[in-house]
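What follows is one structure encoded as structure tokens, with my remarks underneath.
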Amino acid sequence: MPDILTPSDMHLYRHPAIQTHRPYAFDVDDDGRIWQGCNDGLYSHDPQTAHAQHIRPVALLDKPLLSVLHFHGEVITVHGAADHFTAFNPTTRAAAVHKVPGPNPIIWYGAKAADKLILFDRSDRGALLLYDAPDAKPRRIQNPWDHVGLASGHVIDDATIVMFKAEPAAVVLFDAASESFIDSIDCPIPDTSFTGMLHHDRRLYLADSTGGRLLVLDLNTKSWLDPIPTPDHKDVYGFIGASFQRGPTAYFCLSSYNHRSRIDHRTGKLIIPKDSGLGVDGRPHHFLDRFLVFDAPTRSFDYLTAPAQPDGYPLICYSLNTGDRIFIAGYVMPFDADGHPSGHPGDWLVWQNFSADAEPFDAARLTLPNMPDHIRAHSRSVPRSRGLYLAHDVHTPATTNAEQSAVDYPVADVNQLQRRLDRTDRTTYWRRLADLLAAGTDSDQHRARRVGRFIQQAVYYNPISEPKLDPLADLEAHDTRCGNSVQIALALFNAMSVKARESELQHHTVTEVFYDDAWHIQDSLIFGDTQPLIDDRVPSVEQLRADLYFADAMPQTCFVYHPEALRSADGFAILGYQFGDWGWYPFYSTYLGAEWDCPPTLPLTLPAQRLDDRTLRLRWAPSIRRAGGEIEYQLTLYHDRDLADPIDQITTTTTHHDIKPPPMTMIYYTVRAADDHRQLNPDTWYPHTRANAVLAPKDQYGWFGAI
């Protein structure tokens, strides 16, 4: 049986921080890192750690990176129809531009052989350009059999390069050691356009890009043998592209494109037929999610198919074999509304034949996240190609007037969490974290408070998505909903030998902890270490249900001051299945079984208005309430920004209030909206917005006298 790679031999790594269209040819440096590009700088992937970087040197601004080659410690990039190439030093981050000789050079590809860099100038006066170093003067060697340059080459031993000529087709051999052309062998089918190839047993198996066949050239006799038809041509694919070789087996990338790839040798532009926009499947053409596999000894074919992704099409194109390591690169093209590849940019991906090292999770190194930074990081998961209304598969009704696209936790993040989770001893992790949290406590009640405070600070109540892998992974991701947080709490209490259980509420779930011979509610996400107190004791869930509206006096700051801050790549707010701004989800009593009731929305402050020399009008937007009814506004004025020294408090049903502050005195103020829910609990908690204003000189430029 042939030794052929299968998807189970490969490991796919996605990089959501790098959004790209189809990337181009890549190389590996001396440390094993991949370097690739598209039209927005360099992408770097460390295959040992799966860590990626996106580097944008000024010298590469607005340039296509058609090929990347690592040579003498520098990353060489070529740019098509350009009079130069660029050398980037990964250590110093310096980039140098080197002129290319020739009238109008066109360089798409390069190769390395005999310790030389070879660039292929494919223009109508092209040649091979040989460099001993990136900044050395090149030697220009013309193809003696044709004035048109050669596009690319395959190194089949230390020095021999196989190249292809088109119109008419021929195979050209070059020896990089002696820097001389060896031979040119005409193809019996002149309109053939060669792409990838396999070299085995002194025979070349050459892909005819759109011919649906491999042409076979015997190098010993320079004779052409019978072509080998490739399966599924015109059904699965229309174009066979570049390849890599592993033993006697070749792996060819595929495209739905149905035309030969030709360029104008004077301008460097692709010659695109008028009907070339659609592929063999009748949809816009693109590279496929699979490679065509050909094994020479058995003359058998198969496919190497990338694993399906839930949010896009895993397009794979360029590849590289470094001896024992295989790399295939591409990107996850997001699906359109109909579930087809959309053509929009997506996560850069690298598919390799070995697993990246993943560091086990260590409870001793767990840190509390900076919530604003953590929330902002999610903006990468909603590119411009996605709609602004995100649905939830279970809870979102169908819409008729808005684009709707379901969202889930970023696949790359889930994969990374899973890799680390697989290497982590869960029992040790939870015991170590429990010991850290329990240090210095003297009772189970004290330990319960520690757990509540920790969970509230360690995780974000993420209404959009959470990993859904394991309580440990959810904690390390810092994104949970109520159910995930309960499981985190139960794991910690179990490690502390504290009796605890889950208690289901209406649209919510909490933990109950047993201490002092009774059960006590533990809503870590919402209340942290300050649970409701009835007669100075934390009640059970049943006791709270008996006093249904009691908990409405408790602050729910996680819903107000840490709202979902998800933004699209172009700055729009994301709507849909999320808890949203304050006022769109209920009072706490609803979770305990009360009739659904929502508080007023926040009275967002507006710019202050100067009325006359002495009067400043403080203004805020009107609040709205789901059930309707009158809303009162409580305005409180303060001397200090810590809101510790109040000046005055006013209750009004209007959305403004006039004050006469001393000139140039900073006034701090808060506004809260209250409704008739106070009839059920006079101490109902309502959050406030806060702002500040100054009565500035009347002729103050730009501020109309009010700041």
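Where a number appears in this text, it was derived from the coordinates with a stated rule and is not lab data. Everything numeric here is computed off the predicted structure, so don't read it as measured data. Note: ideal-geometry Cβ built from the backbone for every residue, glycine included; neighbour counts use all protein chains shown.
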Exercise. The list (1) 98, 69, 50; (2) 89, 52, 45; (3) 170, 71, 59 gives values of Cα extents along the principal axes in Å, and only one came from this structure; which label was calculated from it?
Worked result: (1)
Exercise. Simple spin-label model, 7 Å along Cα-to-Cβ: A644 to R299 in nm?
Worked result: 8.9
Exercise. Which length gain, in nm to one decimal place, applies between K660 and D218 when the Cα-Cα distance is subtracted from 0.36 nm times their residue separation?
Worked result: 149.5 nm
For this session: Estimate the FRET efficiency between K274 and A308 by the formula 1/(1 + (r/R0)^6), using the beta-carbon distance for r and 30 Å for R0, to the nearest 0.05.
Result: 0.35
Problem set entry | Nearby aspartates and glutamates by direct alpha-carbon distance to K137 (threshold 16 angstrom, same-chain neighbours under 8 apart not counted) | D83, D115, D121, E179
For this session: Answer rounded, prolate or oblate for the stretch 269-332, using the Cα gyration tensor with square roots of eigenvalues a ≥ b ≥ c: rounded when a/c is under 1.5, else prolate when a/b is larger than b/c, else oblate.
Result: prolate
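Rounded, prolate or oblate for the stretch 7-352? Axes are the square roots of the Cα gyration tensor eigenvalues, ordered a ≥ b ≥ c, and the cut-off for rounded is a/c under 1.5.
Rounded shape, in that the Cα axes give a/c under 1.5.
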Exercise. Using alpha carbon centroids, what distance separates the stretch 193-223 and the stretch 287-349, in Å?
Worked result: 23
Seminar exercise, completed: Fewest-first ordering of M371, M333, M163 by Cβ atoms within 10 Å yields M371, M163, M333
For this session: Taking 7 Å along the Cα-to-C-beta vector as the label spot, tell me the A133-D547 distance in nanometres, rounded to one decimal.
Result: 8.2
Seminar exercise, completed: With P47 itself left out, Lys, Arg at +1 and Asp, Glu at -1 over residues whose Cβ is under 9 Å from its Cβ give +1
Seminar exercise, completed: Charge tally for neighbours of R672 with beta carbon under 13 Å away, counting Lys, Arg as +1 and Asp, Glu as -1, is 0
Problem set entry | Using a Förster distance of 51 Å, the FRET efficiency for D362-Y389 (Cβ separation, nearest 0.05) | 0.80
Seminar exercise, completed: With a ≥ b ≥ c from the Cα gyration tensor eigenvalues, square-rooted, and the rule rounded for a/c under 1.5, otherwise prolate when a/b > b/c and oblate otherwise, the stretch 605-693 is prolate
Problem set entry | By average C-beta atoms within 10 angstrom, highest first, the peptides 349-356, 286-293 | 286-293, 349-356
Problem set entry | Entries of K63/K99; K112/K234; K99/K165 with Cα pairs more than 27 Å apart | K112/K234
For this session: Quick one: work out the % antiparallel among DSSP beta bridges in the chain, nearest 5.
Result: 95
Seminar exercise, completed: Computed, not fitted: 222 nm per-residue ellipticity of the chain from DSSP H runs ≥ 4 (each -39500 (n - 2.57)), nearest 500, equal to -3500 deg cm²/dmol
For this session: Return a whole-number percent for the relative contact order of the chain, with Cα pairs under 8 Å and 6 or more residues apart as the contact set.
Result: 7
For this session: Give, as a single signed number, the net charge of other residues whose beta carbon lies under 15 Å from the beta carbon of S209, with Lys and Arg counted +1 and Asp and Glu -1.
Result: +2
For this session: Just tell me, in residue order, which DSSP H segments of the chain are both 15 angstrom or longer along the helix axis (alpha-carbon based) and at least -1.0 in mean Kyte-Doolittle hydropathy.
Result: 411-422, 426-438, 482-495
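If I take every Cα pair under 8 Å that is 6 or more residues apart in the stretch 605-693, average their sequence separation and divide by the length, what percent do I get for the relative contact order?
It comes to 30 percent, rounded to a whole number.
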